[in-house]
Number of protein chains: 2
Amino acid sequence: MTQDDKTGGWIAVAGLGPGNEALVTPEVTATLAEATDVVGYIPYVARVAPRDGLVLHPSDNRVELDRAQFALDLAAQGRRVVIVSSGDPGVFAMASALFEALEARPDRQATDIRILPGITAMLAAAARAGAPLGHDFCAINLSDNLKPFAEVERRLRHAAQGGFAMAFYNPRSKSRPHQFTRVLEILREECEPDRLVLFARAVTRPDEAIACVALSEATPEMADMQTVVIVGNEATRRVGRWVYTPRSVLTPAVAG
Amino acid sequence: MTQDDKTGGWIAVAGLGPGNEALVTPEVTATLAEATDVVGYIPYVARVAPRDGLVLHPSDNRVELDRAQFALDLAAQGRRVVIVSSGDPGVFAMASALFEALEARPDRQATDIRILPGITAMLAAAARAGAPLGHDFCAINLSDNLKPFAEVERRLRHAAQGGFAMAFYNPRSKSRPHQFTRVLEILREECEPDRLVLFARAVTRPDEAIACVALSEATPEMADMQTVVIVGNEATRRVGRWVYTPRSVLTPAVAG
């Protein structure tokens, strides 16, 4: 047993889901009740109710590795630490950052770690709209903070040519407004004009806004960093107010 | 307002998560408490506790459309119906089947429907193993019940060539044991031999079993219909007992 094991400290990386408290799993709620420290991006830490004996450590965006190292240090001191993520911690969130930090610190590798899944934004968005991810699909982070945009473009083309529906995280920010314009151009090169595109903003929160348009009508302004964008496959269609992707690729697409 | 609206009947398609009750959302639990009828595949209905006033309607596999039509008929009679799925209802599950049934019945299109997301198997499996889906990834249903296997092969090659991690649902069944053998062959053509492959069986249940091997060591017998298979991308690696995919494509892959 290592020194870390003896302290009784632990880290749980917990997904808080998309925003509605009714989508937080009992596992996450129970783990937060046992925590001494909560670490995370400011708006996610703000979702945790303060209580005696619980120290909240909100931090800014883009400091994921620093935050993970801080959590490892707290656990080594015997603290019970929850790192909170929105959605699911394993989807473009803090779980990978924690393992990156752990890789750099062999002396911390016996830390007691658990990853607690959550409802990720694309599946919450899909549920509100119908079942647009009802067949094979891809999840792509459109941010080029950590990868070159050429890699985004390569993945978009393979996803489209492979017949996948697609979900885009972080589609657009103030610092790179032109890139989502380029994403829509690439999609128009690869997909037919009536391909359905769903813009789901602030899903399950009071200011939720969901719009579904044909690719030919989609504009960059329809997305921001609070938005998940879902692009259907060629069979995705409307039925009443819903949008869904059939389970079968044998079923011919029917205009809704 | 249509006749359906007047009855007070509704349908909720609810995801029960991968198996552990601590992963069932409060939204799903509250909705089940209001239901008069629960419809679904036998083992999923078996997860709902019986109570007075609740009628359980378990049905066999591969009757998804019949089950959806039955739920629409019950709701039209004023019943409050929960269709239960394992995992998330929008991922290779009952939500798409319900909208297919709805498309065939214009007279039912005013039915009060909600889709309640759940923790899908690939994200529960990823959480137990670390963060193998921490970068762009695809979800692919390997069953050819509803699509030709040539389409599976096309998607596998695009996913691999696009640099995606991959999660496979329904990788193998007794009726088509040879296909997963072929999937591994395709992966070996497209990926390097030390690519990490995760076999996660019965995730979060008492008989959970998780194994991570190099692609060169993977064998078809490692998967069955209770297994989710996750294939990392070229940067996916081990750190201690964990497997994770770095957030950045700029970070060079390091042998774990």
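Express the relative contact order of region B:3-119 as a whole percentage, based on alpha carbon pairs under 8 Å and six or more residues apart in sequence.
That works out to 44 percent.
Taking loop as defined by DSSP and a crowding limit of 15 other beta carbons within 10 Å, which trypsin sites (Lys or Arg not before Pro) in region A:167-235 fit?
Working: sites: A:172, A:174, A:182, A:188, A:195, A:201; in loops: A:172, A:174, A:195.
The qualifying sites are A:174.
In whole Å, what is the distance between the alpha-carbon centres of region A:39-74 and region B:22-73?
What the calculation gives is 38 Å, centre to centre.
Which whole-number percent gives the relative contact order of chain A, counting Cα pairs below 8 Å spaced six or more residues apart?
Reported relative contact order: 19 percent.
State to the nearest 20 debye the size of the charge dipole of region A:3-119 about its Cα centre, where the only charges are +1 on K and R beta carbons and -1 on D and E beta carbons.
140
Shortest first and in nm with one decimal, please list how far the residue B:234 label point sits from its counterparts in the other copies (point 7 Å along Cα→Cβ).
Counterpart label points of residue B:234 in the remaining copies fall at 2.9 nm.
Going through the DSSP H helices of chain A, which span 15 Å or more along their own axis at the Cα atoms while scoring at least -0.5 as a mean Kyte-Doolittle hydropathy?
A:64-76
Counting other C-beta atoms within 10 Å, and keeping those with at most 10, which DSSP coil trypsin sites (Lys or Arg not before Pro) do you find in region B:76-109?
Passing both the DSSP loop test and the Cβ count: no residue.
What would the Debye equation give as log₁₀ I(q)/I(0) for region A:54-194 at q = 0.19, 0.21, 0.22 Å⁻¹, counting only Cα atoms as equal point scatterers?
Cα-only, vacuum Debye calculation for region A:54-194: -1.18, -1.31, -1.37.
Take every DSSP beta bridge with both residues inside the protein assembly as shown and express the antiparallel ones as a percent of the total, to the nearest 5.
Close to 40 percent.
In the P(r) worked out for the protein assembly as shown, what percent of Cα pairs fall beyond 43 Å?
12
Compute log10 of I(q)/I(0) for region A:122-244 with the Debye formula, placing one identical point scatterer on every Cα and leaving out solvent, at q = 0.13 Å⁻¹, to two decimals.
Cα-only, vacuum Debye calculation for region A:122-244: -0.44.
Just want to confirm a number: the relative contact order over region A:122-244, from Cα pairs under 8 angstrom separated by 6+ residues, in percent.
Numbers: 223 pairs, mean separation 40.6, N = 123.
Relative contact order here is 33 percent.
Could you work out the per residue convex hull volume over the alpha carbons of region B:1-120, in cubic angstrom?
Numbers: hull volume 10.6 nm³, N = 120.
Hull volume normalised by residue count: 88 Å³.
For residue A:112, place a label point 7 Å from Cα along the Cα-to-Cβ direction in every copy; what are the distances to the other copies, in nm, shortest first?
Inter-copy label distances (nm, one decimal, shortest first): 4.6.
Taking a label point 7 Å out from Cα toward Cβ, give me the nm distances from residue B:49 to the same spot in the other copies, shortest first, one decimal.
Label point to label point, same position, other copies: 2.2 nm.
Local charge sum around residue A:170 (other residues, Cβ-Cβ under 15 Å, Lys/Arg +1, Asp/Glu -1)?
+3
Under 13 Å from the Cβ of residue A:16, count the other residues' Cβ atoms, weight Lys and Arg +1, Asp and Glu -1, and hand me the total.
Summing Lys/Arg as +1 and Asp/Glu as -1 gives -1.
How far apart, in nm, are the 7 Å Cα→Cβ label points at residue A:60 and residue B:214?
Going by the 7 Å Cα→Cβ label model, 4.4 nm.
Please state the charge dipole magnitude for region B:122-244, taken about the Cα centre, from unit charges on C-beta atoms (+1 on K and R, -1 on D and E), reported in debye and rounded to the nearest 20.
Taking the Cα centre of region B:122-244 as origin, the dipole is about 260 debye.
Where Lys and Arg each count +1 and Asp and Glu each count -1, what net charge lies around residue A:145 among other residues with Cβ under 11 Å from its Cβ? Present the calculation step by step, with values, prior to reporting the outcome.
Values: positive: A:62, A:147, A:176, B:247; negative: A:64, A:144.
Local net charge: +2.
Using 1/(1 + (r/R0)^6) with R0 = 35 angstrom and r between the beta carbons of residue A:194 and residue B:34, what's the FRET efficiency to the nearest 0.05? Please report the intermediate quantities before stating the final value.
Values: r = 38 Å, r/R0 = 1.10.
Result of the calculation: an efficiency of 0.35.
Running Debye on chain A with equal point scatterers at the Cα sites and no solvent, what base-10 log of I(q)/I(0) appears at q = 0.07, 0.09, 0.11, 0.16 Å⁻¹?
Taking Cα atoms of chain A as identical point scatterers yields -0.28, -0.45, -0.65, -1.12.
What does the helix-only formula give at 222 nm for chain A: each DSSP H stretch with n ≥ 4 adding -39500 (n - 2.57), the total divided by the residues, and the result rounded to the nearest 500 deg cm²/dmol?
-8500 deg cm²/dmol
Here, each number is a calculation from the coordinates, and none is a lab measurement. These figures come from a predicted structure and were not determined experimentally. Positions of Cβ are generated from backbone atoms using ideal geometry, with glycine treated the same way; all protein chains shown enter the neighbour counts.
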